[in-house]
Protein chains: 2
Amino acid sequence: MREFIPPAARFVELPAPFRMKRGGDLRGARTAYETFGRLNTARDNAVLVLTGLSPDAHAASHAEDPTVGWWEAMLGPGKPIDTDLWHVICVNSLGSCKGSTGPASINPATGEPYRLTFPELSIEDIADAAALTVRALGIDRLACVIGTSMGGMSALALLARHPELTRTHISLSGAVHSLPFAIAVRSLQREAIRSDPQWHQGRYTDDRYPRRGMMTARKLGMMTYRSAEEWDSRFGRARLDTGLRSHDEPFGLEFEVEGYLDFHAHRFVRRFDPNSYLYLSHSMDQFDLGESCGSTADAALSRLRVEQALVMGARTDTLFPIRQQDEIAQGLSSGGADVEFVPVESPAGHDAFLVDVDRFGPPVAKFLASVA
Amino acid sequence: MREFIPPAARFVELPAPFRMKRGGDLRGARTAYETFGRLNTARDNAVLVLTGLSPDAHAASHAEDPTVGWWEAMLGPGKPIDTDLWHVICVNSLGSCKGSTGPASINPATGEPYRLTFPELSIEDIADAAALTVRALGIDRLACVIGTSMGGMSALALLARHPELTRTHISLSGAVHSLPFAIAVRSLQREAIRSDPQWHQGRYTDDRYPRRGMMTARKLGMMTYRSAEEWDSRFGRARLDTGLRSHDEPFGLEFEVEGYLDFHAHRFVRRFDPNSYLYLSHSMDQFDLGESCGSTADAALSRLRVEQALVMGARTDTLFPIRQQDEIAQGLSSGGADVEFVPVESPAGHDAFLVDVDRFGPPVAKFLASVA
C-alpha cells in the first residue's frame, strides 16, 4: 500500500466536506500539483493540464525537479506548450496514488488507508477537485484547459460544472463517454486485478501484492495504447534474444512483442496502487457527459461555453476512436465555439498525444499562440 | 481432463510413428472427422474443411447427428457449400480435445493423459494429419480445401506439403503467419491460463480446474473476434438488468458488453481442454509459411500449385487483418492460380466467416459452382 508522490509536488487542501458526486464525503482531502512557467501579473496566462489515468503532476522537468516528466517533449520553455509564455498547472487526479487523495491515502477518521472504503469516484469529482485547486491558487479564469485521454473527460466535466473557469479548451484523444470496446478492455483489466488472490479484496500489502493481476492489466492496456500497424513495423515476427526467453516455462516468452509487454508491465507493476487503478478505471467507464448533464452528449457539448477549442485525436486510436473526437468538435462548434478539429495520421494509436509530438505539437502551439 | 467428442465423429488411425515437425512422435494417434454429402463414384467431389482453433468436426447437422453444427448456415443441402453436390470432410485438428489426439488424450505408452508431455504441435502437423485422413478415406485428389482462421494456416501448410492433394482452395480470414498484435493477444490468453494456480503446470483435474484463466482467455478472444463498431451498435452503453449485475462484488459486472463476455466465457470454460488450448494457440503464433518453406511468405505462396482460389476476409478483422488475405491472394496469383480476392464490408470482424453468411455465402457458392 503505497503512494508515489513526485518530490516537487505541492498540495492544495480541499475544503471539507468534499462531496463526491455518487455519494460520500472526503475530509482532509488534497490534490497534488506542479506548476511550470510564471503566472503573469494580470493572472490571465494560466493553463490547466488534466491527465490520463496513470500520470502524476510531474508533466515536465523544472528547477525543483529536473527529472524527465511524462509530457517532457510537449511542455517547457520554447516547446508547444511554451512555459516562457504560459503558467501551466498540472493537477494529479483525485483518486490517484500520486499525491492527490485516493484509496491508498490515509483516512484521517480511521488512521488507516481508505482502500475500498474510499467512496465511489467519478470523473466529475476529479474535475471539481481540479477546479478547486485552480481557484485555491488565486486563478479565477484560465486561458485554457488541456485534457488528454481520461483528462479529456475530466476537462469536459470541468467545462460543464465550472462554466466560467476557462476561456478555451484543448481536447487530445478524449471522449464524452467510453464505448463498449473500451469498457470491455477496462473490465478485463479490473477483473485481472480483482481475481488475483493477492488482491485480497483490496487488503494487499507490499509483501502480498497482486503483481500478476497488475501485470496482466498493464499488458492489456499496452495492447490498446498503440496500433497494430505500429507493432507490425516495430516488432514484426522478431524473436527475443535467447537470453531473454523463458526457457524454463512451457509457453513462455519468445517473440519481441511479448518481451515488450512484459518489460512495460514489470515497470508499471510497483508504480501504481492497484485499488487506485480500479477506482480510476471504473470512473472512466461510468462517465457520460450527456447523462451527467441530464441530456444527450451532443446537447451537453453544445451548452459548454468556450471561445475557442482545438480537438485532436489519432485515426489509429482503438480505445478512444477518432469519431469520438469528431463528436466533441462538432458539439462544441454547435454551441458557438470556434473549433479546430485535427485528426492525426499517426501510427501511435491512443498514445499518439504522448509520443507523436511531431504531429501533435504544431497544432497545439498554433492554437495557444492564437489564444495569447 | 476431458475430451469433447461429437457423438457422430468417426476416426482415422494415423500410421505410427506420426513424426511431429518440431520433434517427437505419436503412436496410436487418430483424427476425428465427419462427412456431409456423398462421395461420387469418380471420387472427385470431395471438399476438405479445416477449422479454426476451437471448432470440432461437427460442422453441420446430418442424419447421424441432427444437432446444429458450428458452420450450419454455410454447409448443407442447398447451402453455399452444397452437400447435394459435394462430399465434405471436416477434420478436427490434431492437438485438439474434440476427438483427434491431443494433450487431453491418453498416451498409450503410459496409460495417462499426455498433458504437457504431448510433443510441440505445429500447424504443419495439423495439415499432415488432415492429409493422411483424406487419403485414408480413399481420396487422392480433393476438389477444394477450405480453411477458416487457423484452418486457413493449416490449409496453406497442406498445399505446401501435399501439393497434389487439391485442385482448388478457399481461404477465409486466414494468414501466412501471425502478426504481433495477434501474437500479443494469444500470449496474454496463454498467460491467463498458465498463471491460474489451478492450471498447476497442466496437471489440473475436473475438481481443480483453471476456470478463471480459461474465462479470461475466452473474454480476450471474444474482444478480438468481432469489431468495436459492431459492439457500438449492439451494446452501446446499455446496462445489464439489475438482476444480472454482480452487486456483491466491488467493480463487478454492470454493462451489457461485460455480461456478453461473461456469458460466452462461462459457456466456453468447460468445453475446451486448457492444455489443448495452449498447444493450438502456440502453434498459431509459431506458424510461418515462409519459414516453413525456407523462403519468404511471398515466394512460398507463389510455389503453391492450385488451379483456382477464392480468398476472403473482413475489413474489420483486427486479428487476421484484411491485408493478410490480400497477401495470400497476390501470392497465389503470382504462382499462376486463377485467384478471386473478396474483401468483405462486414462489421463482424474476424468472426465474419462464421456469422455473416449473407456476405460470405454467395462468393463461396459461386466459386464452388465454377469448380464443379
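Listing for the model above:
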| item | result |
| --- | --- |
| Considering residues of the stretch A:214-258 that are more than 10 Å from chain B (Cβ to nearest Cβ) and crowded, with 16+ Cβ neighbours inside 10 Å only, the residue nearest to A:Asp356 (Cα to Cα) | A:Tyr225 |
| Residues being facing another protein chain (nearest Cβ under 8 Å), surrounded by fewer than 23 Cβ atoms within 10 Å (Cβ to Cβ) and under 24 Å from A:Glu256 (Cα atoms) - total across the stretch A:189-213 | 1 |
| Options B:Ala352, B:Ala365, B:Ala348: the member that is closer than 30 Å to A:Pro321 by Cα and surrounded by fewer than 22 Cβ atoms within 10 Å (Cβ to Cβ) | B:Ala348 |
| Matching option when the condition is in the same structural domain as B:Leu332 (by TED's automatic domain parsing) and either in contact with a Ser or Thr (Cβ under 9 Å, 6 or more places away or on another chain) or assigned to a loop (DSSP other than H, G, I, E, B) (or both), among B:Gly152, B:Gly221, B:Gly213 | B:Gly152 |
| B:His264 assigned to a helix (DSSP H, G or I), in contact with a helix residue (DSSP H, G or I) (Cβ under 9 Å, 6 or more places away or on another chain) and away from chain A (no Cβ under 11 Å) | yes |
| Answer from B:Thr133, B:Thr148 - the residue that is within 13 Å of the chain's Cα centre (by Cα), crowded, with 21+ Cβ neighbours inside 10 Å, in contact (Cβ under 8 Å) with a residue 40 or more places away in the chain and closer than 30 Å to B:Asp356 by Cα | B:Thr148 |
| Of residues in the stretch B:267-294 being facing chain A (nearest Cβ under 9 Å) and surrounded by fewer than 20 Cβ atoms within 10 Å (Cβ to Cβ), the one nearest to B:Ser93 (Cα to Cα) | B:Asp288 |
| Some residue of the stretch B:334-345 being in contact with a helix residue (DSSP H, G or I) (Cβ under 6 Å, 6 or more places away or on another chain) and in contact (Cβ under 8 Å) with a residue 60 or more places away in the chain | no |
| A:Thr148, sole failed condition from (1) of a type in the set (S, T, N, Q); (2) touching a strand residue (DSSP E or B) at 6+ places or on another chain (Cβ under 6 Å); (3) within 14 Å of another protein chain (Cβ to nearest Cβ) | (3) |
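Yes/no per residue for (1) in contact (Cβ under 8 Å) with a residue 24 or more places away in the chain; (2) closer than 24 Å to B:Gly102 by Cα:
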{"residue": "B:Ser171", "(1), (2)": "yes, no"}
{"residue": "B:Pro180", "(1), (2)": "no, no"}
{"residue": "B:Ser195", "(1), (2)": "no, yes"}
{"residue": "B:Arg208", "(1), (2)": "no, yes"}
{"residue": "B:Ala217", "(1), (2)": "yes, yes"}
{"residue": "B:Gly221", "(1), (2)": "yes, yes"}
{"residue": "B:His247", "(1), (2)": "no, no"}
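The values are calculated or read from the model by the stated rules, or taken from the named source; none is laboratory data. Just so you know, these numbers come straight off a predicted model, no measurement behind them. Note: ideal-geometry Cβ built from the backbone for every residue, glycine included; neighbour counts use all protein chains shown.
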